[in-house]
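Colleague: Can you read through this structure? Questions will come right after.
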Amino acid sequence: MFARDVLPALIIGVPAMFVLPMLFDAYTLTVLTAYALLALSLGFIWGFAGILCFGQAAFFGLGAYSFAIAALNMGSAWGPFFIAILVPAVFAAVFGALLFYGRLSDVYLAVVTLVMTLILFKFMNSSAGEIYKLGDARLGGYNGIPGFETLTIPWDPGEYLYDESLFYFAFGLLVLVYILLRVLLKMPFGRALVGIRENEQRAELMGYDIRLMKTIAFSIGAAIAGLAGCLFANWAEIVTPALFSLGQSAEIIIWVIVGGAGTLLGPVVGAAILGYTKFLLGQQSLIDNTFVLGVILILAVLLLPQGIFPSLVRLWHWLLARLPSAAPLRRRSGRSRRDKDV
Amino acid sequence: MDYAAVVGVEIFYAVAVLVLISAGLAVIFGMMRVINLAHGEFLTLGGYAAIVSHQAGVNIYLAMLVVAPLVVAVFGVLVERLIIRWLYGRLINTMLATWGLSLAMMGAMTMIFGNTTTGIATPIAGFTFGRYQLSGYNLFVILMAIVVAVGLYLALKTTRAGLIARGAMQNAEMTSAFGYSPSRVYLITFAAGSALAGLAGGVMAPLVGLNPASGANYIAKAFITVIAGGASVVSGALASAGLFGVISQTFTLLTTPAVGEIALLVVAIILLRLLPTGITGRFFKGRV
């Protein structure tokens, strides 16, 4: 497990952490890392547990808001850091239990998660005024919450994490989460999760409590999304209702579908590439950003429903098989879930 | 007494708006099991068609009731041929592709019309009712919703085209064995649903300040009205629009519009949890 899952991530991840800031601006890289973590959260629950959540932005926003509110109340940032992970996880556990124990799936799951995001969006947007206050933190409605404490170096409260140090911290977390998910997927729980994705009924007949397992997976995904939200809040130094918006949810799905659901690396790469593209497109005003994103999503669904990353892998295998000297490759057997309904 | 009448009209109006904005989506979902997440942008497109043609000198009723549905229906035909037809039977993929379409349309409309809000004046003046002022246009919206619901019911129940459409919905293979091309039935159904969306967009145009992102205001409500309604097109949409309209309007009158919308969405989640196949999946089964 170590050699196959942990080592490659470290071999690629650690040098990347030091090389990337030389090539790109650390400020941009930090937000791309937060996006990558967010994509990873959806990539995990969609690609491996088969839960298509249309409202992953809700947990992202919830993480960011929890961080901001807790930081304003506690005055320091490390307690809130953990709260930002815990609040979305608990929320998702309760909400997920409500859904999965009711056996909602496909469209209905998509609708309900979408609606939940909208509720949070509408609520946060209309939360201006004195009465919407949690402790010392005013929710601030449309304008959001500015001016909270951000993360510092744990042993030196005067030294804030920002720019490059924030990037190292975020990227380190991304690599860590990636490795943890890889390991999780190799453990019995992860194996069973993939089994549920492939055939829910069969997994259930074999004695797995699919409702509980889906709820747990949903909650893990939300915790990662919350962590991404916390990093985003530290980067932006303000949280606004736009974090909960439909556009944000759509973007996460686009990252995952373009990168390739069913892999862990795909969504990360998808988020980084598309996030950077968006950043570049934002610098010109000729073509609207949303338009490009939408067209990418349509084309990805129509032409590359498996995502770019798995398609490249398949192309690679296809090329290998064409080489006369190559040994016959063992094809991956069985239909994957993506052939079935996506 | 007067107040009760005004509240009654307001509640009817809220229900009517839900019926109008969800009718097109209900036709497409009920008949084709396709969820068009770009429905909100279809409405916005209808609104722009009405406003632009009115500003170009077309009579306002003609602009709202004829031009808007026509424009959106033509657009719907294009969308069906270019995107939807490749994805039949793959519900989640259709949702994703139409979500992409929604973003693309939003972006395209931003590029064309700019990120500003436009609007036209309501063509019907308000009138006083007892001590209260009532908007005449709201009554027009209620009338239009009734026309749409009754028209849809009659079209599906009494006409030959409606019969074929319902047949294709129940068993596409059998329909094609009888010599009707399902592909054509789907195309016409999608165009009809788009036309209804355009009509709703046109009728709503004088009521809302229209901007390229307006679709987001409609989509959630239309979406849950249809999903919560279940498979039956007319009775499902009417039942859930009635329920949601009363709830949201009651909360709006008691508190604020934001709370009204949140109440609507919360009820929708609870309802879907209790009746996962929608209202007509449980009650009025098999109706149109």
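Here is a yes/no grid of residues against (1) surrounded by 21 or more Cβ atoms within 10 Å (Cβ to Cβ); (2) among the charged types (D, E, K, R); (3) within 20 Å of A:ILE298 (Cβ to Cβ):
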site	(1), (2), (3)
B:HIS39	yes, no, yes
B:LEU43	yes, no, yes
B:ALA49	yes, no, no
B:TYR61	no, no, no
B:VAL72	yes, no, yes
B:GLY76	yes, no, yes
B:THR98	yes, no, yes
B:THR110	no, no, yes
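Colleague: Residues that are polar (S, T, N, Q), more than 19 Å from A:GLY141 (Cβ to Cβ) and surrounded by fewer than 24 Cβ atoms within 10 Å (Cβ to Cβ): does segment A:229-250 have at least one?
Modeller: Within segment A:229-250 (the criterion being polar (S, T, N, Q), more than 19 Å from A:GLY141 (Cβ to Cβ) and surrounded by fewer than 24 Cβ atoms within 10 Å (Cβ to Cβ)), the answer is no, since none of the residues qualifies.
Colleague: Taking into account only those residues within segment A:294-311 that are under 18 Å from the mean Cα position of the chain (by Cα) and crowded, with 23+ Cβ neighbours inside 10 Å, which is nearest to the other protein chains (Cβ to nearest Cβ)?
Modeller: This residue is A:LEU297.
Colleague: Quick check on my filter: what residues within segment B:196-219 are surrounded by 24 or more Cβ atoms within 10 Å (Cβ to Cβ) and assigned to a helix (DSSP H, G or I)?
Modeller: B:LEU196, B:ALA197, B:GLY198, B:LEU199, B:ALA200, B:GLY201, B:GLY202, B:VAL203, B:MET204, B:GLY215, B:TYR218, B:ILE219
Colleague: So which residues in segment B:100-123 are of a type in the set (Ser, Thr, Tyr) and assigned to a helix (DSSP H, G or I)?
Modeller: B:SER102, B:THR110, listed by residue number.
Colleague: How do the pairs read when you match residues in segment B:169-188 that are touching a residue at least 40 places away in the same chain (Cβ under 8 Å) and closer than 22 Å to B:GLY76 by Cβ with residues anywhere that are among the aliphatic types (A, V, I, L, M) and buried (at least 17 other Cβ atoms within 10 Å of the Cβ), using Cβ under 7 Å and keeping only pairs 6 or more apart or on different chains?
Modeller: Close Cβ pairs satisfying both conditions: B:MET169/B:MET31; B:TYR186/B:MET32.
Colleague: Could you please tell me which pairs satisfy a Cβ distance under 8 Å, a separation of 6+ or placement on different chains, a first residue in segment B:87-99 that is more than 7 Å from chain A (Cβ to nearest Cβ) and modelled with pLDDT of 85 or more, and a second residue that is surrounded by fewer than 23 Cβ atoms within 10 Å (Cβ to Cβ) and part of a loop (DSSP other than H, G, I, E, B)?
Modeller: Correct list of pairs: B:THR94/B:ILE35; B:THR94/B:TYR88; B:THR98/B:ILE35; B:THR98/B:ILE83.
Colleague: Output the residues belonging to segment B:193-236 that are in contact with a Gly (Cβ under 7 Å, 6 or more places away or on another chain) and aromatic (Phe, Trp, Tyr).
Modeller: B:TYR218
Colleague: Would segment B:199-212 turn up any residue that is within 14 Å of another protein chain (Cβ to nearest Cβ), in contact with a helix residue (DSSP H, G or I) (Cβ under 6 Å, 6 or more places away or on another chain) and at pLDDT 85 or above?
Modeller: yes
Colleague: I want to confirm something. Restricting to segment B:78-90 and keeping residues that are part of a helix (DSSP H, G or I) and buried (at least 18 other Cβ atoms within 10 Å of the Cβ), which single residue is farthest from the chain's Cα centre (by Cα)?
Modeller: B:LEU87
Colleague: What number of residues within segment A:186-206 are farther than 14 Å from A:GLY50 by Cα and outside any loop (DSSP other than H, G, I, E, B)?
Modeller: 6
Colleague: Need the failing condition index for A:PRO146 against (1) at pLDDT below 85; (2) surrounded by fewer than 18 Cβ atoms within 10 Å (Cβ to Cβ); (3) closer than 17 Å to A:LEU243 by Cβ, just the number.
Modeller: All conditions are met except number (1).
Colleague: Give the residues of segment A:89-144 that are facing another protein chain (nearest Cβ under 10 Å) and among the hydroxyl-bearing types (Ser, Thr, Tyr), sorted by residue number.
Modeller: If the condition is that a residue be facing another protein chain (nearest Cβ under 10 Å) and among the hydroxyl-bearing types (Ser, Thr, Tyr), then A:TYR101, A:SER105, A:TYR108, A:THR113, A:THR117, A:SER126, A:SER127 are the ones that fit.
Colleague: Kindly indicate which of A:ILE308, A:ILE298 is hydrophobic (A, V, I, L, M, F, W, C), under 27 Å from B:MET111 (Cβ atoms), modelled with pLDDT of 90 or more and in contact with a Gly (Cβ under 8 Å, 6 or more places away or on another chain).
Modeller: A:ILE298
Colleague: Of B:VAL234, B:VAL226, B:VAL267, B:VAL259, which residue is hydrophobic (A, V, I, L, M, F, W, C), part of a helix (DSSP H, G or I) and away from chain A (no Cβ under 12 Å)?
Modeller: B:VAL234
Colleague: Next up: For segment B:45-68, does any single residue satisfy the condition of being more than 19 Å from B:GLY209 (Cα to Cα), part of a helix (DSSP H, G or I) and aromatic (Phe, Trp, Tyr)?
Modeller: No: segment B:45-68 contains no residue that is more than 19 Å from B:GLY209 (Cα to Cα), part of a helix (DSSP H, G or I) and aromatic (Phe, Trp, Tyr).
Colleague: Being farther than 19 Å from B:LEU196 by Cα and facing chain A (nearest Cβ under 7 Å) is the filter here, so list the residues in segment B:100-115 that pass it.
Modeller: Scanning segment B:100-115 gives B:GLY100, B:LEU103, B:ALA104, B:MET106, B:GLY107, B:ALA108, B:THR110, B:MET111.
Colleague: Working only within segment B:241-288, note down all residues that are among the hydroxyl-bearing types (Ser, Thr, Tyr), surrounded by 16 or more Cβ atoms within 10 Å (Cβ to Cβ) and over 14 Å from B:GLY30 (Cα atoms).
Modeller: B:SER248, B:THR250, B:THR252
Residue-wise test of (1) within 19 Å of A:ASP163 (Cα to Cα); (2) assigned to a helix (DSSP H, G or I); (3) free of Cβ contacts under 8 Å to residues at least 60 places away in the same chain.
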residue: A:VAL6; (1), (2), (3): no, yes, no
residue: A:LEU10; (1), (2), (3): no, yes, no
residue: A:ALA16; (1), (2), (3): yes, yes, no
residue: A:LEU20; (1), (2), (3): yes, yes, no
residue: A:THR28; (1), (2), (3): yes, yes, no
residue: A:THR33; (1), (2), (3): yes, yes, no
residue: A:LEU40; (1), (2), (3): no, yes, no
residue: A:ILE51; (1), (2), (3): no, no, no
residue: A:PHE54; (1), (2), (3): no, no, no
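Colleague: If you go through segment A:170-179 one residue at a time, do you hit one that is assigned to a helix (DSSP H, G or I) and without any contact (Cβ under 8 Å) to a residue 40 or more places away in the chain?
Modeller: So far as segment A:170-179 goes, yes, one or more of its residues are assigned to a helix (DSSP H, G or I) and without any contact (Cβ under 8 Å) to a residue 40 or more places away in the chain.
Here's the yes/no breakdown for (1) among the aromatic types (Phe, Trp, Tyr); (2) over 24 Å from B:ALA121 (Cα atoms):
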residue: B:LEU199; (1), (2): no, no
residue: B:ALA205; (1), (2): no, no
residue: B:PHE223; (1), (2): yes, yes
residue: B:ILE227; (1), (2): no, yes
residue: B:LEU238; (1), (2): no, yes
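The values are calculated or read from the model by the stated rules, or taken from the named source; none is laboratory data. Just so we're clear, the structure is a prediction, and the values are computed from it rather than from any experiment. Note that we place each Cβ from the backbone using ideal geometry, even for glycine, and neighbour counts take in every protein chain shown.
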